[in-house]
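The values are calculated or read from the model by the stated rules, or taken from the named source; none is laboratory data. Note that the structure is predicted; figures quoted are calculated from it, not measured. We place every Cβ from the backbone using ideal geometry, glycine too, and count neighbours over all the protein chains shown.
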Amino acid sequence: MDMDQAAVFLAGSILTMMGFTVVVIGLVVINNIINKYWKPVRIFTSDSWTAMNPPGRFIQEHDPQMTKEEPKIEEIGKTKS
C-alpha cells in the first residue's frame, strides 16, 4: 500500500464515520420531533442508563411481603358468609 492509497483509505474512513454520525443524529432528532407517538431518546442523562442497570428494590415495612399473617385459603364450593 503506497501513500496515495493510505491517504484515500484514511479520508474514506473518516468521511464514512462522519456520515454514520450525521445519520444517527438525524434519527434522534426525528424521533424527538415525533415523540407524541414514540418515546423520546435521551442520551447521557441520569435516566438513560436505568434500562441497562435498573435500581435495586428494598423491602419496606409497609410492604405486604413483610406481614406475618398466614394466607387465607378458601375451599371451592363454599360461599362467604
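Observations on the structure shown:
- Where ILE34 falls short, out of the listed (1) under 14 Å from the mean Cα position of the chain (by Cα); (2) modelled with pLDDT of 65 or more: (1)
- Summed over the stretch 1-37, the residues that are outside any helix (DSSP H, G or I) and among the charged types (D, E, K, R) give a count of 2.
- Close pairs (6 angstrom Cβ cut-off, 6 or more residues apart or separate chains): surrounded by 11 or more Cβ atoms within 10 Å (Cβ to Cβ) in the stretch 27-43, at pLDDT 80 or above and part of a loop (DSSP other than H, G, I, E, B) anywhere: none
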